[in-house]
Structure formats: C-alpha cells, structure tokens
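Working notes for the structure below.
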There are 2 protein chains.
Amino acid sequence: MIDILSAPTIADIKAAHQVIKPYAHCTPVLTSSIVNDRTEASVFFKCENLQKVGAFKFRGACNAVLTLPEQEAKKGVGTHSSGNHAQALALAAKIRGIKAYVVMPENAPKVKVAAVKNYGAEVTFCEASLEARESTLADVIMQTGATPVHPYNDARIIAGQGTSALELLEEHPDLNVIMPPVGGGGLLSGTALAAKSINPDIQIIGAEPEEADDAFRSFKSGKLEPVYSTKTIADGLRTSLGELPFGIIKKHVDDILTVSEEDIISAMRFIWERMNIIIEPSCAVPVAALFNNKERFKGHRVGIIITGGNVDLNNLPW
Amino acid sequence: MIDILSAPTIADIKAAHQVIKPYAHCTPVLTSSIVNDRTEASVFFKCENLQKVGAFKFRGACNAVLTLPEQEAKKGVGTHSSGNHAQALALAAKIRGIKAYVVMPENAPKVKVAAVKNYGAEVTFCEASLEARESTLADVIMQTGATPVHPYNDARIIAGQGTSALELLEEHPDLNVIMPPVGGGGLLSGTALAAKSINPDIQIIGAEPEEADDAFRSFKSGKLEPVYSTKTIADGLRTSLGELPFGIIKKHVDDILTVSEEDIISAMRFIWERMNIIIEPSCAVPVAALFNNKERFKGHRVGIIITGGNVDLNNLPW
C-alpha cells in the first residue's frame with residue numbers, strides 16, 4: 001500500500017499508469033513548425049487538454065479512486081473544488097461505481113457545477129472561502145464516511161499526474177527539458193519524479209504566474225511560503241504549493257520561472273490561433289516562459305505539458 | 001504520370017501518401033465519450049485542424065506541388081483563393097523551393113493575406129469577384145509561366161485529400177460510415193475513392209449547409225447544379241461542386257445530408273467546449289448532420305473528418 005504522505009517512486013507512477021490506462025486517453029503530442037521557428041527550439045506539446053474531463057487532473061483522481069481499498073471505496077470519496085479536480089474525481093467515482101461528494105462555493109460557475117453533477121456527483125454548496133469549504137467538507141465526510149481525496153497533497157494523486165511525463169518520454173525519449181506549470185505542485189512533482197528516474201540529466205522547470213509566485217519564492221527560500229494574491233487569470237494556479245509536492249520539488253526540480261499576466265494572455269492566444277487547440281490560461285504559463293527565455297531554450301528539445309482546456313467561451317481574455 | 005482530369009485510383013492515393021508523409025502531420029484521431037453518449041454511436045474525429053496550415057488542404061496541395069515535373073515546377077505554381085488552399089499551396093511551394101503566385105480578393109482578411117505572405121508566396125490583389133480572380137490569375141500565369149493548381153478539380157489534389165481517410169482507416173479499419181463535408185468536392189471524392197477501395201461496404205455520406213446545397217441538389221438530380229447562395233457561415237463550403245469530383249461522387253458516395261445555419265453554430269460550439277479543439281464552421285457541418293440524424297447513425301462506427309480550424313477569434317458566431 002502506498003503511503004499517501006510520502007513521495008511516490010517511479011514504480012508507483014508506473015503502477016498508476018497501468019491502473020488508469022483503460023480509462024484515460026493516451027493524449028497526443030503535437031508539434032508546430034511556427035512555434036519551433038519562433039523559439040529556435042524543438043517543442044513537444046503533451047495535450048492533456050484532450051484528456052477526459054479536459055485536464056490532466058483525471059490521471060491523479062482516477063489513480064486515487066481506483067486504488068482505494070474496497071472497504072473505504074464503498075462509502076464514496078469527497079473533495080472541495082471549483083475546478084478540474086472536482087470533475088475528475090466525479091468521473092473517476094462514476095467509473096468505479098461509487099459516490100462522489102463535492103463541496104463547491106456557491107459562486108462557482110454554473111457550467112462547472114453542471115459538469116460535476118453530470119458525472120453523478122452529489123454537490124454541497126458553501127460560502128466562497130477556504131474555511132467554509134474545509135469545514136463543509138469535514139461535515140460531509142463525517143456524515144457519509146467518504147474518503148477525502150486532496151487535489152495534490154497525496155502520493156496517489158502525484159503518481160497519477162506523473163503518468164503524463166511517462167507517456168511523453170516513451171514517445172520522445174530525447175527531450176532535455178520538461179516544463180509544466182505549478183499551482184499546488186502535484187503535476188510538477190509527479191513530472192519531476194517520473195522524468196528524473198528515467199533520465200537524471202533532463203531539466204525540470206516549473207512555470208508560474210508572477211501574480212501567484214508562492215512556488216517561485218518557496219523554491220528560492222527553501223521554505224514553504226504562502227500565496228499572497230490570487231488575481232492571476234491562470235485560475236488553476238491560484239492555490240498554494242502543497243507540503244508533499246514541495247519536498248519533491250526542492251529535491252528534483254531545477255528552476256522555476258515566472259511570467260506576467262499579459263504574457264500569459266498573449267501566449268494563450270498564440271496557441272489558439274496557430275495550433276487550433278483550446279488551452280486554458282494555466283497552460284499558457286509555460287508557453288509564455290518559453291517565449292520569454294529564448295536564449296535559454298534555443299536548440300533544446302522541450303516538452304510542455306498542456307494541462308487543460310476548460311475555459312468559458314463567453315468570457316475570453318481578448 | 002497522373003491525368004489530372006481523370007479520377008485518381010487507390011494506387012494514386014497511396015502514392016500521394018508516400019509523397020506527402022515527410023511533410024504532413026499524421027493527424028490524431030480523437031474520441032469523446034460525451035459525443036458517443038449523445039449520439040449512441042462510436043465517433044472518431046480525424047483532426048485535420050491539427051494539420052500543417054490548419055487544414056486538410058495541405059495534403060492535396062503538397063501532393064500536386066511535389067509531383068510536378070521539374071521543368072514546370074521551376075516556373076512556380078499559381079492559384080486564386082482567399083482560404084486554406086492559398087496557404088497550403090504557399091507552404092508546399094516553400095517546401096519544394098519554388099515560387100507560389102496567389103491571387104486574392106482585395107477584401108480578403110488581413111490575417112489570411114499575412115499567412116500566405118509569411119510562407120513566401122507572391123500575392124496579387126484583384127476585385128472580389130470570381131471573374132476578376134480568374135482573369136487576374138490568367139494574367140499572372142501568362143507573365144510567369146507558373147502552373148495553375150486548382151483547389152479541387154484536379155486528380156493530384158483529390159488523391160492528396162484521400163490520404164486523410166487512408167490514415168483514418170489504417171487506425172480504425174472497422175468504421176462503417178465516413179462523413180466529410182462537401183464544398184468543391186475534393187475531400188468528399190478523395191475520401192470516397194480511398195474508403196470504398198479498402199472496404200466497398202463502408203458508407204460515404206457528404207454533409208452540406210442548406211444555404212449552399214448545390215452538391216445535394218446535383219447528387220439528387222444527377223447533373224451538376226450551381227450554388228445559388230453563398231451566405232452560409234461555413235466559408236469553406238461556399239464554392240460550387242467541381243466536375244471531376246462530381247463524377248466520382250455520383251459513383252461512390254451513398255448520400256448527402258444538409259443542415260441549417262443554427263445547427264452548424266451549435267455543433268461548432270459543442271465541439272469547442274467538450275473536445276477543446278478549435279474547428280471552423282465547415283467541419284461542424286458533418287457534426288451537425290450526425291446530431292440531427294440520431295436514428296440513422298445509432299450503433300454505427302462513424303468517422304468524421306474535421307477539415308480545419310482557421311477562424312477569426314475576434315469574430316466568433318456566439
């Protein structure tokens with residue numbers, strides 16, 4: 001049994017891959033000569049926006065739910081989230097045939113609430129504060145006996161998120177940089193564990209908005225620092241870095257780069273227009289970091305993880 | 001040597017595939033459980049919106065340009081187009097290292113003109129009428145000795161467009177329906193030739209906007225009928241069906257379905273939101289036909305060719 005509060009191993013990530021394979025898409029890796037010309041690098045986009053529920057989050061949630069012991073599983077799983085993790089957990093629970101209890105803030109976008117309900121989850125609304133979310137979830141857990149599944153501070157989740165890099169490196173073993181965005185740190189830590197186990201020389205670089213640079217500051221200072229502002233357009237990256245991911249990041253990540261809001265929007269639009277895929281602002285963050293640091297990446301073979309594509313088409317940032 | 005005014009054979013399509021393979025993407029085939037649930041069918045989307053220049057048109061143009069005899073090629077190639085064929089021909093000429101002369105109407109969107117110029121083509125502007133386009137192209141051909149490459153009334157183009165169905169059936173040999181949209185007819189005829197040669201029992205169904213239903217009327221009457229209106233939002237399908245494609249369509253296509261403008265827009269938005277890919281209105285046409293004819297496609301394994309993704313993000317239809 002995996003200890004959910006210790007770093008997973010490459011064996012855990014490979015086991016997670018076997019668990020989720022029948023349910024998750026092996027997402028395509030796209031290339032663009034326009035991006036390669038602009039960066040003078042060879043760039044490989046691992047398209048998790050084309051994953052089930054439209055985000056890499058399905059990998060971790062699917063692994064956590066499907067590996068839960070039967071005794072716990074039968075009482076269901078719970079989480080609080082207004083984002084992709086809620087949908088991911090709801091679909092994973094539906095696949096296992098168990099209940100998912102999702103606490104959502106009462107101001108959550110209707111389309112996200114509908115998506116979560118559509119996967120059969122039971123939604124409980126609460127006030128829009130972290131405190132209210134946590135205490136409401138605690139109540140739900142108490143009443144139902146469901147197992148809480150944290151979106152990133154959980155080894156099963158981190159192992160699941162690492163499977164994306166596993167697939168990317170199976171297809172392109174000669175990458176020398178992989179750059180995912182960093183929010184809570186589940187994807188960055190899982191990617192670092194997977195990639196460094198396969199090739200210790202590969203550089204793992206996190207990308208983060210300047211407006212929510214807690215991972216950057218924590219990485220530089222060596223101790224976990226809180227996020228001060230949550231104003232960034234990259235809604236998936238507004239969370240604070242988790243403790244478990246931070247331990248892994250300190251050990252295995254080479255650098256963290258930050259980018260401005262304008263650069264995020266402009267990179268997002270560039271990818272929509274030139275690659276014809278819908279990417280959410282969070283995954284435009286590493287694209288912007290790539291565009292802003294041309295000298296650093298010139299001549300390299302760079303993997304970018306496109307984390308998701310869930311955006312509101314009525315509210316585009318241009 | 002292929003006779004450009006006779007129907008290509010499956011051997012021509014396979015030869016075209018070998019010619020273009022080093023330059024064209026083997027585009028991914030995506031599936032969506034949400035689409036499958038809605039239609040009660042198994043639907044496979046061949047994503048030519050992720051092709052070079054963002055459209056299947058690159059396949060045909062690439063085959064035509066790369067198979068041109070050296071004597072002709074060195075004087076360049078020419079066409080009139082304000083759409084994807086212009087970009088496709090420009091990139092194919094750039095790959096071969098020859099000139100492309102493109103006649104564009106003076107009201108062509110700036111972004112399209114810029115894209116064509118970006119691939120190194122020489123652009124000549126003319127009035128926005130078919131007459132002016134044809135006579136201007138004739139002048140350019142006269143002056144330069146370039147070889148004109150028609151967007152669909154050309155066996156080399158049809159053979160190239162057929163390679164998309166070839167790849168789709170290599171990956172999913174058990175499809176029993178393939179449904180491309182129909183404008184000039186290059187894609188529909190190439191798809192029908194490729195698919196029926198591989199499996200004579202596969203149904204080939206064209207999809208067309210009601211607002212530009214010349215292929216539907218021609219198919220029903222058995223003689224080539226002109227397009228009366230070009231008001232459809234599906235800008236790639238405003239052209240009249242070509243003679244060469246029509247001969248092939250009469251022989252090998254099983255049916256043509258038409259859809260309304262509202263259904264096109266609603267299907268387009270559905271795919272953007274649920275599949276996170278950018279598709280242009282033209283390829284929402286077969287998606288709308290699929291949604292509108294549930295009983296007909298229920299239980300079938302349906303291939304849809306997503307023809308392209310070139311849209312103006314400042315001018316979306318919702």
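The values are calculated or read from the model by the stated rules, or taken from the named source; none is laboratory data. Remember, it's a predicted structure, so these values are computed and weren't measured experimentally. Methodologically, a virtual Cβ is constructed for each residue, glycine included, from the backbone with ideal geometry; neighbour enumeration extends over all protein chains shown. Side chains are part of the model used for accessible areas, which takes the heavy atoms of the whole protein and leaves out ligands, DNA and RNA. Shrake-Rupley method; radii C 1.70, N 1.55, O 1.52, S 1.80 Å.
Ordered from largest to smallest accessible area (heavy atoms of protein chains, 1.4 Å probe), the residues B:217, A:59, B:156 come out as B:217, B:156, A:59.
3J(HN,Hα) along region B:284-301, derived from phi through the Karplus expression 6.51 cos²θ - 1.76 cosθ + 1.60 where θ = phi - 60°, amounts to 6, 4, x, 5, 4, 4, 5, 5, 7, 10, 4, 4, 5, 9, 3, x, 8, 9 Hz, with x in place of Gly and Pro.
Once all protein chains are placed together, residue A:33 keeps about 60 Å² accessible to a 1.4 angstrom probe. With a ≥ b ≥ c the root eigenvalues of the C-alpha gyration tensor of region A:23-80, is it rounded (a/c under 1.5), prolate (a/b larger than b/c) or oblate? Prolate. Region A:211-318 gives an Rg/Rh value of 0.97, both radii derived from C-alpha positions and Rh following Kirkwood.
Semi-axes of the equivalent ellipsoid of region B:252-301 are 19, 13, 10 Å, computed as sqrt(5λ) over the eigenvalues of the C-alpha gyration tensor in descending order. Here the accessible area is traced with a 1.4 Å probe on the protein chains. For the protein assembly as shown, carbon and sulfur cover 49 percent of it.
For the options B:49, B:176, B:84, a Gaussian network treatment of chain B with springs between C-alpha atoms closer than 10 Å singles out B:176 as fluctuating the most.
Peptide A:276-283 has a mean of 4 when you count, residue by residue, the C-beta atoms of other protein chains within 10 Å of its C-beta. Between region B:138-186 and region A:126-149, what is the separation of their alpha carbon centroids in Å? Centre-to-centre distance over Cα atoms comes out at 57 Å.
For peptide A:116-125, the mean count of partner chain Cβ atoms within 10 Å of a residue's Cβ comes to 0. In the assembled protein chains, residue B:139 presents an accessible area of approximately 90 Å² (probe radius 1.4 Å).
Please give the average number of partner chain Cβ atoms lying within 10 Å of the Cβ of each residue in B:171-181, rounded to a whole number.
Details: counts 0, 0, 0, 0, 0, 0, 0, 0, 0, 0, 0.
Mean shielding count: 0.
For chain B, the longest principal axis of the Cα atoms and the long axis of helix B:186-198 meet at an angle of about 60 degrees.
With 28 Å as the cut-off, how large is the P(r) tail for chain B, expressed as percent of Cα-Cα pairs?
34
Net charge in the neighbourhood of residue B:160 (other residues with Cβ under 13 Å of its Cβ; Lys, Arg +1, Asp, Glu -1) is +2. To the nearest 10 square angstrom, how much accessible area does residue A:307 have with a 1.4 angstrom probe? Its heavy atoms expose roughly 10 Å² to the probe.
Computed from the Cα positions only, the extents of the protein assembly as shown along the three principal axes stand at 76, 55, 39 Å, in decreasing order. Applying Stokes-Einstein at 10 °C and 1.306 mPa s to the Kirkwood radius of region B:58-148, computed over alpha-carbon pairs, gives a translational diffusion coefficient of 125 µm² s⁻¹.
With a cut-off of 18 Å, note down the residues of region B:110-150 whose backbone N falls inside the zone around a label point 7 Å from the Cα of residue B:74 toward its beta carbon. Only B:144-148 fall inside the zone, counting backbone N under 18 Å.
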